[in-house]
Every structure is written in structure tokens, then in C-alpha cells.
């Protein structure tokens, strides 16, 4: 039977290295995934994920269990990942909130949902798109990658996103919208579902 | 278009994230806007794809060395400083540490002693006077005469 997180955390707090290792093994892939989504470089994501566990170990005694262990470790990982790309952000033009680069009226809405059909969860195209998503995500500006990962992988609410990123709720919604539009456009392009106005056929 | 700019960013919200007024406005807008309904359908259709893609990327990677890497970094981060290590050793092996500490102290004291004595020898060298009387050599030092007898005399006396 699998030992629950709180028991492992308590054992790790008491100095049980085996318990801490069990926590690492349990969450390593998800933590790496969170980091990868934000930093996009696999080696940097690996380093960020290891550093996240290092921080957890250092501050384990301070963890009171107000949130779940998984929430705590994902939060640390995403913080570290955002810090890691901060320097990159400063040197990139994509830090600008590009509110006007998506044509609201002519961006091929519905193409993906039509192609994916009535049962997208079981759809072959969906699996193919998931395979393409990593590349699509990597094409996005870092501010869009991070908000998509925080929303869809960490599951943060608008309020939590606003607090985490230090922006207003309206900016959260706007940034998420643009991130989704760009991601959908990239996916549609990969899938050969050209968006209207982009020169291809729907 | 103006309403789309207002309401489209609200698409994809979870229950409770919009104010009642925002939620009502969005519903009313969706009822009359095919473009926004289509965007909503795309959001729903692609929901979870980001997490799925990243988990697939993580699944492709070999995580066998990950945990050891973490533990190594923890050990390295926890390596104590010199003072902490000495304090810890003092607690664990007080006699050994005191003995160990005495060795360099004794060595330093010996070096100082030798150096000061050799300095005195050099100083004394200027005041030494040598005289030979038969097989006996007399050295006049600042501490008085020193008689050096050769082996024959020494053997007879």
C-alpha cells in the first residue's frame, strides 16, 4: 500500500532520507513538467526541478501542511522556473503584453473543436496534438508559457494567478486569452488546419 | 467586436472566478456571438492538452539519476564550514582534537625555541675565543671557559 504524503513528510522531517527520496520519486516528473513548460529547455528544467526539491528539503521543518505537499512543491518549482527565465525575459521583446496581435474577428475559431469532433478526449488527433504541444508551447513568449502552465498544470485560479504573477485579474484573463489563441493557432498549423487569413485553407 | 474584446478573455473561466455581473454578461454575449462560441468550443476541446504534453515529455526522460542527483546536491549544500566541523569534532572526540591541536602548537614552540637559540649562537659566535693548550682546546664563551678534551685525554681522565 502506498504511503500517504503527510506520513512521508513527517518521516522526512524526522530525518528519514528514504521517506524524502520517496517524495522525490513520486513528484519528480510532474515537477520537471512544470519547469519544462516554463523554461522550455530540458536541461534547465531538470536543474530547476532538482533545485526545487533541494529547497523543499531545506525548508521541510517549516512546512505546516496548510496546503498539500504537491501544491507546495509545484509552487516552488514554478517560482524557480520563472526566476530562471527572468533574465531571458529582460532581453526579449516578447515581454510586451501584445494585446493587438490576435485578430479577434478572423482567427479561425472553431477549427480545432470541429476537427477534434464530439469526443476529443479519445480522439486520435488530440493525441497527435498533444505530441505537438511541446513545440507549440516552446513557440510562445515566456509570459504566455508561464501563465498556461500555471493555469493548466498547476491549476491556479484567476485570483491565485494574479497573486503569483503580480498582475490584475483583468490582465490574467487577457494574458490567458492571448496565450490560448497563439497556442491554438500553432496547433492548428501543425495539424494542417490553416487558420483563415493565414494563407491556407480550413 | 467591442463586446468580443470584453467577453472573449472571460471564456475558459471556472465557476466562481467571474463576478455575477461578468458571468451574466458573458452568457448573454455567447448567446448572440458565433465567433465567441466557436472560441469557447476550441478552449474546451484543447483543455488539458498542455498538461498532457508536458507529462509526455517528462515520461520520455530517464529519471533514474534524478533522485541521486537531488541527494548529492543536498549533501553538498549541507557541508558544514570549518568552524562547524571543528566544533562537531570537539564534541565527538575532545581528547583527539586537543591532542591534534597540541601538535602544531608544540611544533610552533619548538621552532621558536630553535630559532631563538640559533640566534644566540650567532651572537655568541662573535664573542668566542679559542685557545689550544696541548691536546685541550679552551673556548671562552660569555658563560665562562669551555674545555674540549681530545679522545686521549678523555680516555685517561
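Sort out which residues of segment B:63-86 are at pLDDT below 90 and surrounded by 13 or more Cβ atoms within 10 Å (Cβ to Cβ), and write them in order of number.
Matches in segment B:63-86: B:86 only.
Going through A:73, A:111 one at a time, which residue ends up being surrounded by 20 or more Cβ atoms within 10 Å (Cβ to Cβ) and modelled with pLDDT of 90 or more?
A:73
Has segment A:136-148 got any residue that is at the interface with chain B (Cβ under 7 Å from one of its Cβ atoms), modelled with pLDDT under 90 and closer than 20 Å to residue A:33 by Cβ?
yes
For segment B:53-83, enumerate the residues that are in a loop (DSSP other than H, G, I, E, B), more than 9 Å from chain A (Cβ to nearest Cβ) and under 18 Å from residue A:46 (Cα atoms).
B:62, B:64, B:65
Condition check ((1) modelled with pLDDT of 70 or more; (2) under 30 Å from residue A:21 (Cβ atoms)) across all residues:
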position	(1), (2)
B:53	yes, yes
B:60	yes, yes
B:103	yes, no
B:121	no, no
B:126	no, no
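Taking helices (runs of 4 or more DSSP H) that do not extend beyond segment A:1-88, which have at least 1 residues that are at the interface with another protein chain (Cβ under 9 Å from one of its Cβ atoms)?
A:17-39, A:42-58
Restricting to segment B:14-39, name every residue that is without any contact (Cβ under 8 Å) to a residue 12 or more places away in the chain and either closer than 17 Å to residue A:181 by Cβ or in contact with a strand residue (DSSP E or B) (Cβ under 9 Å, 6 or more places away or on another chain) (or both).
Listed by number, the residues that qualify are B:34, B:37, B:38.
The values are calculated or read from the model by the stated rules, or taken from the named source; none is laboratory data. Here the structure is a predicted model, which is why all the values come from computation and not from measurement. Here Cβ is always computed from backbone atoms with ideal geometry, including for glycine, and neighbour counts include all displayed protein chains.
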